[in-house]
Structure formats: structure tokens, C-alpha cells
Amino acid sequence: MSIYLQRSLLLPEVVLKENTPGGIRIMGVITVLWGGLLFVLGAGILAMPPEAKKDVIQQLGADNPAILTPMGIVFLLIGFILTFNANLSFRFLREWTRREESGEEE
């Protein structure tokens, strides 16, 4: 999520801006919520019975209900990727915080 955070972990002499950790937390929470929503939406689309898929497609004015299955898979993948990325950023942020705290103690 943040190249500056990764750079600061790789090169400890690179200092993060004061507002970067807070910004990563805020954006991370938003990303987790959005990714979770997409994941649940994709799972819901894939779990729909065929009759419901036909009804949805008819309401949308399309012809082929088979388009919902790939769309559900794409939503699942995007949701997983977003959530995974945010979790990695939180992990990197915890590591950076731990290093900063141990550096202050010395």
C-alpha cells in the first residue's frame, strides 16, 4: 500500500513522514471494508440459484445468465487481493512500529 513504508523497512535511514502511519491505517481500513464487500458480493453471486440468476439477468435486460458466474469470480478475486494487500500493509506497519519503538529504547 505504501512504497515509503517498504523503503523505510528496507533502509532504516529513510524516515517516514509523520502522517504516513496514520494514513496507512485509515486507507487500510477502507480497503479492508471495500475488499470484504466485494468478496461477500462475489460469494453471493456464486451462491445464487440458477432461477434467481435468470431473474436478475432479465431485470437488467441482458440475455445470458452465465455472465454472472465469471463476474462473481472476479469480485471474489478482487476482494481477496484488496484484503490481502491491506493485511500486508498492516503487517509492515506493525514491523515498522516495533523497530521504531526498539530504536527509541536504545
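On inspection, G79 does not qualify as in a helix (DSSP H, G or I), over 30 Å from Y4 (Cα atoms) and out of contact with any strand residue (DSSP E or B) (no Cβ under 7 Å at 6 or more places or on another chain). Determine, yes or no, whether T97 is assigned to a helix (DSSP H, G or I), surrounded by 13 or more Cβ atoms within 10 Å (Cβ to Cβ) and among the hydroxyl-bearing types (S, T, Y). No, not satisfied. Listed by first and then second residue, the pairs with beta-carbon distance under 8 Å, at least 6 apart or on different chains, first residue in the stretch 41-54 and under 9 Å from P65 (Cβ atoms), second in a helix (DSSP H, G or I), are P50/P65; K53/P65; K53/L68; K54/P65.
For T31, indicate whether it is among the hydroxyl-bearing types (S, T, Y), under 22 Å from Q6 (Cα atoms) and in a helix (DSSP H, G or I). It is true that T31 is among the hydroxyl-bearing types (S, T, Y), under 22 Å from Q6 (Cα atoms) and in a helix (DSSP H, G or I). Out of curiosity, is T20 in contact with a Ser or Thr (Cβ under 8 Å, 6 or more places away or on another chain), at pLDDT 95 or above and surrounded by 14 or more Cβ atoms within 10 Å (Cβ to Cβ)? No; evaluated as a whole, the condition is false for this residue.
Among the conditions (1) touching a helix residue (DSSP H, G or I) at 6+ places or on another chain (Cβ under 6 Å); (2) closer than 23 Å to Y4 by Cβ, the only one that G42 does not satisfy is (2). Is the stretch 26-34 home to any residue that is under 26 Å from G103 (Cβ atoms) and free of Cβ contacts under 8 Å to residues at least 24 places away in the same chain? Yes, because at least one residue in the stretch 26-34 is under 26 Å from G103 (Cβ atoms) and free of Cβ contacts under 8 Å to residues at least 24 places away in the same chain. Residues in the stretch 59-78 that are over 13 Å from G44 (Cα atoms) and either surrounded by 13 or more Cβ atoms within 10 Å (Cβ to Cβ) or among the acidic types (D, E) (or both): D63, P65, I67, L77, I78. Annotation note: of L5, L37, L16, the sole residue that is within 19 Å of the chain's Cα centre (by Cα), touching a residue at least 24 places away in the same chain (Cβ under 8 Å) and either in a loop (DSSP other than H, G, I, E, B) or closer than 14 Å to F75 by Cβ (or both) is L37.
The values are calculated or read from the model by the stated rules, or taken from the named source; none is laboratory data. The shown structure was predicted, so the numbers you read here are calculated from the model rather than taken from an experiment. A quick note on method: Cβ atoms are made from the backbone with ideal geometry, for glycine too, and the neighbour counts reach across all protein chains shown.
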